[in-house]
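Here the structure is laid out as structure tokens; the discussion comes afterwards.
The values are calculated or read from the model by the stated rules, or taken from the named source; none is laboratory data. It should be emphasised that the depicted structure is a prediction, and the values quoted were computed from it without experimental measurement. Backbone-built Cβ (ideal geometry, glycine too); neighbour counts: all protein chains shown.
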Amino acid sequence: MEKCPLCQSFQLVHHVWPGKKSQLYKMPNELFHCLNCDLHFKNSAHFLSSIDELKRYDTHVSGNDGHLQFLNQMLDASQLQLPAEFLKRDLQILDFGCGKNPHLAHEITKRGFMDVEFWDPFYFPEKKWSVEKKFDLIFVCEVAEHFNHPLTAWLEINQLLKKQARVVVKSMLITDGLDLQFWWYKNDPTHVVFYSPKNFEYLAQMFEWDVEYCDQKSLTILKKR
């Protein structure tokens, strides 16, 4: 029996729509909705293998003008919402799930921040920082929707945070009125979990965080107490 991969609840609604959302991978057009924490997620039976998942990531094009503009727009929007002390150049920052090219970490460094780490489970699996190190600011940019095991991933992120640290999450949100059947964001076969403002409130409660900012579209900032 399927259960919520975040809160472990069995209080689920199973949405199934006609057709396939991925002709390449023959994945059914369906989502589970957790009534307890408001997470939406795909049936784990249809997750890609690690090999196919990596093949998909290898096709991603990054580092071009459009992608760098996207990253810098996200950084600009984040800096507008963060407290003034998060402009200090000695912040310890982590790009969690950087992909095959750590462009976000490089763009942060170009802004004068010097203590910037990056990590990715496929391309940079070795954690090069000391086990004692904690971070002031963690970016989870277009990554959280890829968490096959979201509870494990968020537990790891929580353990990496200092007190009063922030997590900046960039991931498309499910909001009222969204037609899930035709929502393009779920069609990527590596996108397996989907969040909402209500779900981030639940997540914050789980870890004694606060939702400091949410634009109701794709940008959420969480604060560790």
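Here are a few things to note about the model shown:
- Within the stretch 119-133, considering residues that are outside any loop (DSSP other than H, G, I, E, B) and among the hydrophobic types (A, V, I, L, M, F, W, C), the one nearest to Leu75 (Cα to Cα): Trp119
- Residue list for the stretch 131-145, restricted to those being of a type outside the set (D, E, K, R) and in contact (Cβ under 8 Å) with a residue 24 or more places away in the chain: Phe135, Leu137, Ile138, Phe139, Val140, Cys141, Val143, Ala144
- Any hit, the stretch 180-188, residues being among the aromatic types (Phe, Trp, Tyr), closer than 16 Å to Pro5 by Cα and in a loop (DSSP other than H, G, I, E, B): no
- Restricting attention to the stretch 90-113, the residues being farther than 20 Å from Asp76 by Cβ and in contact with a helix residue (DSSP H, G or I) (Cβ under 6 Å, 6 or more places away or on another chain) number 0.
- Selection status of Val116, out of contact with any His (no Cβ under 7 Å at 6 or more places or on another chain) and in a loop (DSSP other than H, G, I, E, B): no
- Candidate set: the stretch 53-110, residues that are free of Cβ contacts under 8 Å to residues at least 24 places away in the same chain and not in a helix (DSSP H, G or I); chosen: the one surrounded by the most Cβ atoms within 10 Å (Cβ to Cβ): Pro102
- Among the residues of the stretch 163-205, those that are buried (at least 21 other Cβ atoms within 10 Å of the Cβ), of a type in the set (A, V, I, L, M, F, W, C) and out of contact with any Leu (no Cβ under 8 Å at 6 or more places or on another chain) comprise Leu173, Val192.
- Per this entry, Lys223 is counted among residues that are assigned to a strand (DSSP E or B), of a type in the set (D, E, K, R) and surrounded by 15 or more Cβ atoms within 10 Å (Cβ to Cβ).
- Out of Phe41, Phe70, sole residue that is closer than 30 Å to Lys110 by Cα and modelled with pLDDT of 95 or more: Phe70
- Test: residue in the stretch 134-144 that is on the phi < 0 side of the Ramachandran plot, part of a helix (DSSP H, G or I) and surrounded by 21 or more Cβ atoms within 10 Å (Cβ to Cβ): yes
- Close pairs (8 angstrom Cβ cut-off, 6 or more residues apart or separate chains): over 17 Å from Glu156 (Cβ atoms) in the stretch 111-130, among the acidic types (Asp, Glu) anywhere: Met114/Asp90; Asp115/Asp90; Val116/Asp95
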